[in-house]
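The values are calculated or read from the model by the stated rules, or taken from the named source; none is laboratory data. For clarity, every value in this text was computed on a predicted model and none was experimentally measured. Neighbour counts run over all protein chains shown; Cβ positions are idealised from the backbone, glycine included. In case anyone asks, the SASA skips ligands and DNA or RNA and just uses the protein heavy atoms, side chains included. Shrake-Rupley method; radii C 1.70, N 1.55, O 1.52, S 1.80 Å.
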Amino acid sequence: MSNSASPPIYSVDSSSLMEWQGRFYPTDVFAGLVANVDALIAAERILAPALVKDEIGAVGTAGLIEWTENHAGIFVPTVEVLAEAQAIQNQFAGLRDPKAEYEEADAYVIVLARRRNGIVVTQETPAAEKRNPRRTHFIPDVCRELGITCISLLGLMRREGWRF
């Protein structure tokens, strides 16, 4: 008897990749996490918009930048989700950081999850949980309003049943 529910696709924000490799789960200590992420990639269950790769290229660590170069296949070209991402940005104008100097990936991450019936993975918290939010909407806020599941990297680990 086959399982009718296919495993979820994860649309990953740059904040989760940066927290994974740069802050809380460094690859030299969490080798098992690297293996598990690699398995999700091999199963084509982790995706990110190309803008995530651009963001990491601008502010990521050298190791993370190298990782994105070595895993270029997970990054979906902007053109594939551009129209839908712009529609989300128009619907949720407060999602954009007014001080951003480049196109942000947030709406694109959300669109990828919506298109693939997937789950957004981000380290962002909702605006209501911030002391002085710079804007009215963050990824979890938009996901909640659109009915898209949104979890953190730790949430992904729990959802996948990973143990270290």
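In this Cβ point-charge picture (+1 for Lys and Arg, -1 for Asp and Glu), the stretch 1-103 has a dipole of about 220 debye about its Cα centre.
Applying the Karplus relation 6.51 cos²θ - 1.76 cosθ + 1.60 with θ = phi - 60° to the stretch 95-105 yields 3J(HN,Hα) values of 6, 7, 7, x, 9, 5, 9, 8, 5, 8, 8 Hz, where x marks Gly and Pro.
A simple charge model with +1 on the Cβ of Lys and Arg, -1 on the Cβ of Asp and Glu and nothing else charged puts the dipole of the stretch 80-164 at about 360 debye relative to its Cα centre. For the chain, modelled as a GNM whose springs connect Cα atoms under 10 angstrom apart, the maximal fluctuation among I119, I41, I151 occurs at I41. Counted residue by residue at 0.36 nm each, then reduced by the alpha carbon distance between them, the extension gain from D38 to A72 reaches 11.0 nm.
Here the simple spin-label model places points 7 Å from the Cα toward Cβ, and for F30 and R144 these points are separated by 2.5 nm. Under the simplified labelling scheme, the R158-A5 pair shows an inter-label distance of 1.6 nm, with each label point 7 Å from Cα along Cα→Cβ. 3J(HN,Hα) couplings calculated from phi for the stretch 137-154 with the Karplus curve 6.51 cos²θ - 1.76 cosθ + 1.60 (θ = phi - 60°) are, in sequence order, 10, 10, 3, x, 5, 5, 4, 4, 5, 9, x, 9, 5, 9, 9, 8, 4, 4 Hz; Gly and Pro show x. Residues whose amide H falls under 5 Å from that of V76, counting only those 5 or more places apart or on a different chain, are A48, A50, with hydrogens built in the peptide plane. For N117 and D97, the FRET efficiency from 1/(1 + (r/R0)^6), where r spans their Cβ atoms and R0 equals 30 Å, is about 0.60. Per residue, the accessible area of the stretch 1-149 comes to 53 Å², computed with a 1.4 Å probe over protein heavy atoms only.
Counting only C-alpha contacts under 8 Å and six or more residues apart, can you give the relative contact order of the stretch 99-149 as a whole percent? RCO, the stretch 99-149: 36 percent.
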